[in-house]
């Protein structure tokens, strides 16, 4: 199992210059390999990725020898993966990297313990020992490190480690520990228990200050030092907003992963919703929350479920199953409550949808259980039921993702 840790680092001036050189050199090698491959393909209809060594030995690129060679080799692997995804998985064609992109980084691998922690500092190839805020203990074997530079000039490292599967204790799943979460347009989300989460509108709260800084940036002359200083001020505010959102989502996802065995969410096309509802969807962060919740549940060997995109969670009555088409669609978002014409139950739009997500999981589980019954209606292995009842009060020891009952 692989796990990544992210920390902020504080390099010295010399180390900062070398990190920036490495990022630029890695970008240059990537673009050179891509350009030569495209040129060769146009001539022979066959592509070939050159090794970074080909460019390091050329006179005009001798500066490539000053940086970490493993960082340049990683760019070869990244480009190879990009072409594999393009040809085999239908993803976008690899494009050239720009130094104006907000994502500036390079990746280096751990060979012969050249990446390690020592005396509270991190050793990086060529860069040396770097100070940082290492607030967590890094477990496992370090495989690689990605050194990142944010638009505001802050530096971070993402350390990828390989860890052994732990033996953890897990109880049999109970129905009351199955939680449904529906994204709410009025706040953030609503659970099947009726709990509503209303986080602070991070971007909205900083909207006036951000607009003032951006207008000031627009008046600065392109290429001037004052413009670069103002650009950093804008990037710092945006980074603060992103960190505030990430901190709140991490705490919420941790709480829900600890308290529940199964969490069910709806598969929502957030990109299309963002086009219609604008910044409120982006500031909501529900997609990032789903990703956090998924890996936290998986780390605890619990279950994360995404309901089908076309599952009618909003218009279905969670009591009798009647479908009320009058509350479906984005045009009927103003109808927050409705009464079921079939059973007369009064429903809150969001809470009802969250309860239906729980019903979706339970019905799916019962369907899967029925698939183990033969044509005569008897269980294929009836002794399994007796065995399950015998251990229902015992603790299951789980190693990896396979259950071993002792």
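The values are calculated or read from the model by the stated rules, or taken from the named source; none is laboratory data. Since the model is a prediction, treat every value here as computed from it, not as a measurement. Cβ sites come from the backbone with ideal geometry, for glycine too, and all protein chains shown count toward neighbours.
Among the residues of the stretch 329-344, none is identified as modelled with pLDDT under 80, assigned to a loop (DSSP other than H, G, I, E, B) and surrounded by 15 or more Cβ atoms within 10 Å (Cβ to Cβ). The set of residues in the stretch 86-119 being in contact (Cβ under 8 Å) with a residue 12 or more places away in the chain, in contact with a strand residue (DSSP E or B) (Cβ under 8 Å, 6 or more places away or on another chain) and surrounded by fewer than 18 Cβ atoms within 10 Å (Cβ to Cβ) consists of 103, 116, 117.
Please indicate, with yes or no, whether at least one residue in the stretch 242-259 is in contact with a strand residue (DSSP E or B) (Cβ under 7 Å, 6 or more places away or on another chain) and modelled with pLDDT of 90 or more. There is at least one residue in the stretch 242-259 that is in contact with a strand residue (DSSP E or B) (Cβ under 7 Å, 6 or more places away or on another chain) and modelled with pLDDT of 90 or more. When the stretch 120-153 is filtered for residues that are part of a strand (DSSP E or B), touching a residue at least 60 places away in the same chain (Cβ under 8 Å) and closer than 19 Å to residue 66 by Cβ, the ones remaining, listed by number, are 128, 130, 147, 149. Of all the criteria given as (1) out of contact with any helix residue (DSSP H, G or I) (no Cβ under 8 Å at 6 or more places or on another chain); (2) part of a helix (DSSP H, G or I); (3) surrounded by fewer than 17 Cβ atoms within 10 Å (Cβ to Cβ), the one not satisfied by residue 321 is (2). Restricting attention to the stretch 278-294, the residues that are in contact with a helix residue (DSSP H, G or I) (Cβ under 8 Å, 6 or more places away or on another chain) and either under 14 Å from residue 306 (Cβ atoms) or at pLDDT 85 or above (or both) add up to 6.
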